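The values are calculated or read from the model by the stated rules, or taken from the named source; none is laboratory data. Since we're looking at a predicted model, the values are computed, not measured. When we count neighbours, we look across all protein chains shown, and the Cβ atoms used for this are built from the backbone with ideal geometry, even at glycine.
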Amino acid sequence: MRRWSVAARLLAASWLLVILMLPAAGALLSWAFNASVTAAFDERLKAVLNVLTVAVRTDIDGRLDLARSIGDPRFEQVFSGWYWQVSDADGPILVSRSLWDERLPVPSSADSGATTATSVSGPRGHGLRIVRRDVQLPGYREPITLMVAGPVGELDGELAGFRRLLIVSLSGLGALLLVLPALQIRWGLAPLRQIGRHLKEVEVGRRKHLDDDLPRELGALARAMNAVLDRDRQLIERGRGAAGNLAHAIKTPLTVVKTLLAQVPAPQRERLASEVERIDEAVRHHLARASAAGTAAFAGQVHVAEALRPVTDGLARMGARRGVGLRVDIDPGLRVSVDPQDLQEVVGNLLENAMRWADTEVILRTLPSGSQVVILVEDDGPGMSEPDRRAALDRGKRLDTERSQSGLGLDIVQDLVSLYDGRLELGAAASGGLSVRVALPNRASADSG
């Protein structure tokens, strides 16, 4: 399973928090508002209940009566939803005109003087909020129950309005909180993306160091990475220098030994010459690998045509002396992230070998191939069979074992190509000779795309 990026992790965490917390906050606010509105509604009903309590009296005959009107016209409108009722143990005694021929259900009893509130179903099935109080009036035979009711619809209307406002507000806030973290994360991680881009540019050779004009923490990281890059370059240069010095140090003794071979008796001379040649090839093999190692990491962009011009000019003159022509077809704008010397080493070796085997012509050309740079070397010589081509690649045999005792072997070419994550293929040319295809990844092109 592919690992999530840092930005994706941070964004997912912030979004998860928003998705979980906003509904919880909305539910909590809705509950708090519901409790607050219900309490306020109950207080309004209690205020009317207090007026009713003061208005109820006992007349000279011991019957209940109202000393004055409640003073709210809603209690006079039939089935308005606003009702009051006075009851004793035998049932309702006094009721508001708004009840008409209906009566309020009497909730369970409470302690004398205590006020309770409850929700019930009233006339015509409408929901009511009722407050009740049991009192004992002077001169009346038993406690009476006073009740005032109001329509739950008004309460529900306020709650519904608040919920709509809450949903709209939290939805807007949620959308904002989903977008802002993305912008915040993008801005916060911008220095890391800059480091990533600069590392790519270092890799393809467009810059040598990372920019350390960054936030304090990342600036220190960039400077540390620049120090590592500098040390690596120094080590690579030292290694290549040491390889060159070693080559010069060994070249002279080998030349002397080859000269002295002429003085060796003939029976031993051929064997000694063969062994000296093996030593020479082994030394050149490993020195070439040592001098090439590490160059791919810091290879800059080079023009293929310009880098290969010295090689093609020299080999064209050499081929002309043998009657072999060299046809070059290279895109003048083609660039590749390869060390120029390595590119010359690979193509020069392949061209030299092709000219040794060609009858009349060698072709060097480049092919368009998307994110790759493809170099094709073809000759019109005898070519190689399919088994021989496979064996040459499998065992790293020399391409020129029969005609030449000098030059890099195919294994050196393969090593150089593999340093740049490239691919080497052998095939049959249209002319019947050998076709060598070298494909090198064009990292700069892939990055820009």
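Within the range 103-120, identify whether any single residue is in contact with a Ser or Thr (Cβ under 7 Å, 6 or more places away or on another chain) and either farther than 16 Å from ILE144 by Cβ or in a strand (DSSP E or B) (or both), and answer yes or no. Scanning the range 103-120, I find no residue that is in contact with a Ser or Thr (Cβ under 7 Å, 6 or more places away or on another chain) and either farther than 16 Å from ILE144 by Cβ or in a strand (DSSP E or B) (or both), so the answer is no. Only residues that are assigned to a loop (DSSP other than H, G, I, E, B), among the charged types (D, E, K, R) and more than 17 Å from PRO368 (Cα to Cα) were counted across the range 300-342, and they come to 1. On the basis of being assigned to a loop (DSSP other than H, G, I, E, B), loosely packed, with under 14 Cβ neighbours inside 10 Å, assigned by TED's automatic domain parsing to the domain that holds TRP31 and of a type outside the set (D, E, K, R), does GLY81 make the cut? No; evaluated as a whole, the condition is false for this residue. Tell me whether the range 257-275 contains one or more residues that are assigned by TED's automatic domain parsing to the domain that holds LEU364, modelled with pLDDT of 75 or more and in a helix (DSSP H, G or I). Within the range 257-275, none of the residues are assigned by TED's automatic domain parsing to the domain that holds LEU364, modelled with pLDDT of 75 or more and in a helix (DSSP H, G or I).
Within the set VAL37, VAL48, the sole residue that is over 46 Å from the mean Cα position of the chain (by Cα), within 30 Å of GLY172 (Cα to Cα) and touching a residue at least 24 places away in the same chain (Cβ under 8 Å) turns out to be VAL37. For the range 172-190, the condition of being surrounded by 12 or more Cβ atoms within 10 Å (Cβ to Cβ), under 30 Å from SER14 (Cβ atoms), over 21 Å from the mean Cα position of the chain (by Cα) and not hydroxyl-bearing (Ser, Thr, Tyr) holds for at least one residue.
Counting only residues that are within 14 Å of ILE130 (Cα to Cα) and of a type outside the set (A, V, I, L, M), the range 30-54 holds 7 of them. Taking the numbered list (1) touching a Pro at 6+ places or on another chain (Cβ under 9 Å); (2) under 23 Å from ALA39 (Cβ atoms) in turn, ALA114 passes all entries but (1).
Pick out the one residue from LEU49, LEU128, LEU146 that is modelled with pLDDT of 90 or more, part of a helix (DSSP H, G or I) and surrounded by 12 or more Cβ atoms within 10 Å (Cβ to Cβ).
Details: LEU128 fails: part of a helix (DSSP H, G or I); LEU146 fails: part of a helix (DSSP H, G or I).
The match here is LEU49.
On the stretch given as the range 310-361, residues that are at pLDDT below 85 and of a type in the set (Phe, Trp, Tyr) total 0.
Residue count for the range 224-249 satisfying the condition of being surrounded by 14 or more Cβ atoms within 10 Å (Cβ to Cβ) and of a type outside the set (Gly, Ala, Ser): 7. All of (1) exposed (fewer than 15 other Cβ atoms within 10 Å of the Cβ); (2) touching a Ser or Thr at 6+ places or on another chain (Cβ under 9 Å) hold for ASP59 with one exception: (2).
Just one of the listed residues (SER14, SER98, SER87) is surrounded by 15 or more Cβ atoms within 10 Å (Cβ to Cβ), of a type in the set (Ser, Thr, Tyr) and free of Cβ contacts under 8 Å to residues at least 60 places away in the same chain, and it is SER98.
Could you tell me whether ARG141 is surrounded by 12 or more Cβ atoms within 10 Å (Cβ to Cβ) and under 30 Å from VAL54 (Cα atoms)? Walk me through it before giving the result.
On the way: surrounded by 12 or more Cβ atoms within 10 Å (Cβ to Cβ): no; under 30 Å from VAL54 (Cα atoms): yes.
The answer is no for ARG141.
Count of the range 343-372 residues, restricted to those that are free of Cβ contacts under 8 Å to residues at least 60 places away in the same chain, out of contact with any helix residue (DSSP H, G or I) (no Cβ under 6 Å at 6 or more places or on another chain), surrounded by fewer than 20 Cβ atoms within 10 Å (Cβ to Cβ) and polar (S, T, N, Q), is 1. Condition check: surrounded by 11 or more Cβ atoms within 10 Å (Cβ to Cβ), part of a loop (DSSP other than H, G, I, E, B) and not acidic (Asp, Glu). Does ILE70 satisfy that? For ILE70, the condition - surrounded by 11 or more Cβ atoms within 10 Å (Cβ to Cβ), part of a loop (DSSP other than H, G, I, E, B) and not acidic (Asp, Glu) - is met. So for the range 1-8 (the condition being exposed (fewer than 15 other Cβ atoms within 10 Å of the Cβ), at pLDDT 90 or above and of a type in the set (Ser, Thr, Tyr)), does at least one residue qualify? No: the range 1-8 contains no residue that is exposed (fewer than 15 other Cβ atoms within 10 Å of the Cβ), at pLDDT 90 or above and of a type in the set (Ser, Thr, Tyr). Among the residues of this structure, VAL377 does not count as one that is at pLDDT 90 or above, more than 14 Å from VAL438 (Cβ to Cβ) and surrounded by 16 or more Cβ atoms within 10 Å (Cβ to Cβ).
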